[in-house]
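For reference, the structure is listed below as structure tokens.
Quick note: the coordinates plus some simple rules give every number you see, no bench work behind them. Predicted model only: the values in this text are computed from it and were never measured. Here the Cβ positions follow ideal geometry from the backbone for every residue, glycine too, while neighbour counts run over all protein chains shown.
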Amino acid sequence: MPSSVQADVASLGNVEVRTNLRVTDYIDDSATSGNRTVNRMRGKNAIAIGAAAATITNNLVTANSQVIVTLEFIDATLTTILTVVPGAGSFVVTGNANATAATKFGWVVIN
């Protein structure tokens with residue numbers, strides 16, 4: 001370990017890594033908005049016109065997963081993601097209003 005890293009670790013105390021972070025390939029499935037099935041660790045989807053939420057079925061997601069979502073398109077009404085709720089085999093992304101246009105978002109699953 002380089003001495004600069006050792007000094008940083010020493011000043012912080014113990015640093016422990018308990019998991020591996022893998023960046024895998026992803027699917028941009030945002031051209032077809034609404035509920036979709038994507039069995040990857042990251043992807044892009046879209047909330048459909050007239051809807052406030054999208055369910056992504058994903059066999060890699062558990063109730064304990066952390067799913068990080070970022071809007072990639074700001075709709076006239078759906079301007080904010082309110083909740084992202086993981087469950088066994090899926091997660092639900094809910095915005096603040098019904099979308100007036102397909103509203104694209106990117107996501108990453110961390111287990």
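Annotation: amide H-H contacts under 5 Å for Ala46 (H modelled 1.01 Å from N, sequence separation of 5 or more, or interchain): Gly34, Phe105.
3J(HN,Hα) along segment 98-103: 5, 6, 9, 8, 4, 10 Hz, from the Karplus curve 6.51 cos²θ - 1.76 cosθ + 1.60 with θ = phi - 60°, whole Hz, x for Gly and Pro.
Between Ala76 and Ile49, the distance separating the two model label sites (each 7 Å from Cα on the Cα→Cβ line) works out to 1.2 nm. Relative protection proxy for 82-91, 51-60, from highest mean packing down: 51-60, 82-91 (other beta-carbon atoms within 10 angstrom).
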